[in-house]
Amino acid sequence: MSETRYTGRVTVGGPAQVHELESLMISKVAVGPMDNNAYLLRCRATGEQLLIDAANDAGTLLTLIGDDGIASVVTTHQHGDHWQALAEVVAATGARTYAGREDAQGIPVPTDVPLADGDVVTVGEVALTARHLVGHTPGSIALVYDDPHGHPHVFTGDCLFPGGIGNTRGDAGHFGSLLHDVRTKLFDPLPDETWVYPGHGRDTTLGAERPHLEEWRERGW
């Protein structure tokens, strides 16, 4: 499937959508329990695979992974809807587990590699940079792929969506922290063309959301 045909619109029980980049294939699938998105990344040079958020529906995820297995699985944050299939996927694949250092204790599957801001996670020859975004949870992370053949791609978990940042449950301090981190670690260094893959719902770009940053700050959510 060509890049121009990828829309990022997926539904629970429906097929995955595949975003084909020169060095990386990104398969997006929707699973339970709350229309969660899971992303399978495959290095085109080596065939190595990495899964982002084993949220639910282990059978769906293992079918997507296929016989090649996965080398690693990254959990974007500790909320239960993002790791309900993690134990089964890890048991079936032997994958290394990654999560933000501050969230690792809240995930019932042991984290092999706790991540801090700026740490690099590799899938084959492809490098992803972890950005620590505080507010939705203490240890939420986004993963940034700075595609040398095109624009960047960022997997934001529940920290950034079309129309706003993640839920901070009315806590002004958490909201201010998350908005600050999203602004300084994603919007400031990355261009408008950056493609955003969130933990739920449809994709967006930083360019589509950038004009609304001040609006988000003023409304407080």
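Just so it is clear, none of the values below were taken in a lab; they were calculated from the coordinates. Since this is a predicted model, take the numbers as computed values, not measurements. We place every Cβ from the backbone using ideal geometry, glycine too, and count neighbours over all the protein chains shown.
Numbers at a glance
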item: Net +/- balance of residues flanking GLY201 in space, Cβ distance below 14 Å, scoring K and R +1, D and E -1; result: -3
item: Protection proxy ranking of 112-118, 8-14, 154-160, 35-41 - average other beta-carbon atoms within 10 Å, highest first; result: 154-160, 35-41, 112-118, 8-14
item: ASP171-GLU218 pseudo-label distance in nm [points 7 Å out on the Cα-to-Cβ vector]; result: 2.7
item: Rounded Å value of the spacing that divides the Cα centres of segment 196-221 and segment 8-50; result: 21
item: Under-5 Å amide H pairs with LEU24, H placed in peptide plane, nonlocal only; result: ARG44
item: In range of the label at SER23: residues from segment 127-157 whose backbone nitrogen is under 17 Å from the point 7 Å along Cα→Cβ; result: 127-130, 143-155
item: Estimated FRET transfer efficiency (ARG5, GLU125; beta-carbon r; R0 30 Å; 0.05); result: 0.75
item: Cut-off 15 Å between beta-carbons: net charge of the residues surrounding GLY106, Lys and Arg +1, Asp and Glu -1; result: -4
item: Residue of GLY80, GLY173, GLY135 that the Gaussian network model of the chain assigns the largest fluctuation, springs spanning Cα pairs under 10 Å; result: GLY173
item: Inter-label distance, nm, simple model (7 Å from Cα along the C-beta direction), ALA92/ARG183; result: 4.3
item: Helix-only CD estimate at 222 nm, as mean residue ellipticity for the chain, using -39500 (n - 2.57) per DSSP H run (n ≥ 4); result: -4500 deg cm²/dmol
item: Lys, Arg +1 and Asp, Glu -1 on Cβ, resulting dipole of segment 3-219 about Cα centre, debye, nearest 20; result: 240
